[in-house]
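Have a look at the structure below, then the notes.
The values are calculated or read from the model by the stated rules, or taken from the named source; none is laboratory data. Keep in mind the model is a prediction, meaning the values are calculated, not measured. Methodologically, a virtual Cβ is constructed for each residue, glycine included, from the backbone with ideal geometry; neighbour enumeration extends over all protein chains shown. When the accessible area is computed, the model is the full protein with side chains, heavy atoms only, and any ligands, DNA or RNA have been set aside. Shrake-Rupley method; radii C 1.70, N 1.55, O 1.52, S 1.80 Å.
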Amino acid sequence: MTGTPPVIRAIPGPGFVATLLVSSWLDTVRGAGEAVPWLLLGHAGPRRNGETLETVEDGLLGMVAAMRLSPAAERVPAIGARLLIGGRLTALDYGHPTCVLRIPSPGAEWREAVARGAQACVTLLLDPLPPGAGPDAIGAIIDRCTASGRVFMGATTARGR
């Protein structure tokens, strides 16, 4: 047998995902008349004791592998029903065996679109997001990171009850 063995990364736990920056919005597709729910996952850099840019990236790549996300420059894969919507909770099953990532304040229209069966586009950035970055700055970061292979995406739906 030849070649390099694949890198196996741990799926980060609740302490790590609690430090992530999470944003959701609806984007209207031109001509389709439908709004696409987006879910952006990023980080602001190391925040916990002992964290480095490398350990944060390793945690994010663990999430990429667990959700089977692909680089943004490639075709966006269907990653299964990973969104949980019930009562006041909206969460993403990111592959951890005992916890999920809570999506803060996704908005009623976002939740309704997902509940009706819309595919949400999960976008995960490896590069840090500066605190307070607005939509234009985030768009520029996504464009730059897409060109360098540091954005990963997948299409997900709501999980049935």
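Against the 2.2 N^0.38 Å scaling, with N counting residues, where does the stretch 80-161 land? I'd like the Cα-based Rg ratio to two decimal places.
The value comes to 1.20.
Sorting W110, W25 by accessible area (1.4 Å probe), largest first, what list results? Walk me through the intermediate numbers first.
On the way: W110 5, W25 90 Å².
The ordering from most to least exposed comes out as W25, W110.
Indicate, rounded to the nearest 5 percent, the antiparallel portion of the DSSP beta bridges found entirely in the chain.
Restricted to the chain, the bridges split so that about 75 percent are antiparallel.
How large a share of the accessible area of the stretch 13-136, in percent, is made up of carbon and sulfur atoms when the probe is 1.4 Å and the other protein chains stay in place? Please list the in-between numbers first.
Numbers: 3350 of 6480 Å².
Carbon with sulfur: 52 percent of the solvent-accessible area.
What three numbers, in Å, describe the spread of the alpha carbons of the stretch 45-108 along their principal axes, ordered from the longest?
36, 32, 24
Starting from the coordinates of the alpha-carbon atoms of the chain, obtain the Kirkwood hydrodynamic radius over all distinct pairs and give the value in Å to one decimal.
After inverting the mean inverse Cα-Cα distance, the result is 16.4 Å.
Show the residues, 5+ positions off or on another chain, whose built amide H is closer than 5 Å to the amide H of T123.
When sequence neighbours closer than 5 places are left aside, the close amide H contacts are L39, L40, L41.
Need one word for the stretch 1-70: rounded, prolate or oblate. Basis is the Cα gyration tensor (sqrt eigenvalues a ≥ b ≥ c); a/c below 1.5 gives rounded, then a/b vs b/c decides.
Because a/c hits 1.5 or more and a/b fails to exceed b/c, the stretch 1-70 counts as oblate.
How large is the accessible surface per residue of the chain, computed with a 1.4 Å probe and reported in Å² as a whole number?
Values: 9060 Å² over 161 residues.
With the other protein chains kept in place, the chain gives 56 Å² per residue.
Name the residue from G3, P128, A115 whose Cα lies farthest towards the positive end of the charge dipole of the chain, charges +1 on Cβ of Lys and Arg and -1 on Cβ of Asp and Glu.
Of the candidates, A115 comes out farthest on the positive side.
Per the helix-only calculation at 222 nm, which mean residue ellipticity applies to the chain, given -39500 (n - 2.57) for every DSSP H run of n ≥ 4 and division by its residues, nearest 500 deg cm²/dmol?
Helices in the chain give a 222 nm mean residue ellipticity of -7500 deg cm²/dmol.
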